Amino acid sequence: MKQTEMKQIYIEKAFAYGFSERFITECECVRYDAGEKIIEEKMPLTKLLVMLDGQAKVCMHAPNGKNLIICYYISEGLLGDMEYLQKTDEAEATVIAISDVVCLWISYSVLRKTQEENPIFLKKLAEEMSKKLIQSTENYMLAAVCTGEERLCHYILKNSHHRIFSDVLTDVSCSVGMSYRHMFRLISHLCEEQILEKRLSGYYILKPEELARRAFHNMEHTSV
């Protein structure tokens, strides 16, 4: 993590939350490298995060220590909003940068003093919570009714960056709800069909359209 310049494009994105330019420029703008943890589950959390650029993955650990993905990716919106509303002092989930990420950190105490009568900010908070509810419903359906191949293709698309998928495969098997052996067999099959290609940096997506066709909801993928 390192501080970065608050560019005009970032200020304009933050305007959507009803913040003034002076308020925005007084907040902390930071950059995280791809693969870096932005938030770690159970860590003290006293700030709200506004995504300004990049993509990140949100995950939560199950009681048995395995990863359970609760939101495949986020490229805009808020993190730490549930903790802010519940007035808890520790993070509910882990957030990992998929690409380089730029975000605005805003102290909870400052928000409560200056923004709790800001109707635009409160409306955005409500919208973010409704999006998370919809995402949770989709993730439940993904786990309950989709085939292993559909879940795996969906996951690879959501967590790739510049067509490279480089997640730790043991974590992937936990996240998509199948054994490592079965998941590795599916990935090998995708490579045999020349949809993926194994490289030193991970798996390169040769045919994103075909991968999307096989994924949950035949999703259209735009970030590879």
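The values are calculated or read from the model by the stated rules, or taken from the named source; none is laboratory data. Just so we're clear, the structure is a prediction, and the values are computed from it rather than from any experiment. Cβ: placed from backbone, ideal geometry, glycine included. Neighbour counts: every protein chain shown.
Residue selection: residue 175 satisfies the criterion of being assigned to a helix (DSSP H, G or I), touching a residue at least 12 places away in the same chain (Cβ under 8 Å) and among the hydroxyl-bearing types (Ser, Thr, Tyr).
Just one of (1) over 26 Å from residue 201 (Cα atoms); (2) loosely packed, with under 13 Cβ neighbours inside 10 Å; (3) in contact with a strand residue (DSSP E or B) (Cβ under 8 Å, 6 or more places away or on another chain); (4) not acidic (Asp, Glu) fails for residue 4. It is (2).
Per-residue answers, yes or no, for (1) within 21 Å of residue 137 (Cβ to Cβ); (2) among the acidic types (Asp, Glu):
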{"position": "73", "(1), (2)": "yes, no"}
{"position": "76", "(1), (2)": "yes, yes"}
{"position": "79", "(1), (2)": "yes, no"}
{"position": "99", "(1), (2)": "no, no"}
{"position": "106", "(1), (2)": "no, no"}
{"position": "111", "(1), (2)": "no, no"}
{"position": "114", "(1), (2)": "no, no"}
{"position": "117", "(1), (2)": "no, yes"}
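Within region 93-149, restricting attention to residues that are touching an Asp or Glu at 6+ places or on another chain (Cβ under 8 Å) and acidic (Asp, Glu), the residue that is farthest from residue 75 (Cα to Cα) is 128. The residue that is farthest from the chain's Cα centre (by Cα), among those in region 12-54 that are hydrophobic (A, V, I, L, M, F, W, C) and farther than 18 Å from residue 107 by Cβ, is 15. Among the residues of region 145-172, those identified as aliphatic (A, V, I, L, M) and not in a helix (DSSP H, G or I) are 164, 168.
Total residues in region 1-30 satisfying the condition of being free of Cβ contacts under 8 Å to residues at least 12 places away in the same chain and of a type in the set (Asp, Glu): the figure is 3.
Counting the residues of region 118-139 that are among the β-branched types (Val, Ile, Thr) and under 18 Å from the mean Cα position of the chain (by Cα) gives 2. Filtering 127, 220, 197, 116 for residues that are outside any helix (DSSP H, G or I), within 30 Å of residue 81 (Cα to Cα) and at pLDDT 85 or above leaves a single hit, 116.
Residues of region 101-117 that are over 22 Å from the mean Cα position of the chain (by Cα) and surrounded by fewer than 17 Cβ atoms within 10 Å (Cβ to Cβ): 109, 110, 112, 113, 114, 116, 117.
So is residue 134 under 25 Å from residue 7 (Cβ atoms) and either β-branched (Val, Ile, Thr) or part of a loop (DSSP other than H, G, I, E, B) (or both) or not? Give the derivation first.
Details: under 25 Å from residue 7 (Cβ atoms): no; either β-branched (Val, Ile, Thr) or part of a loop (DSSP other than H, G, I, E, B) (or both): yes.
So residue 134 does not fit the description; no.
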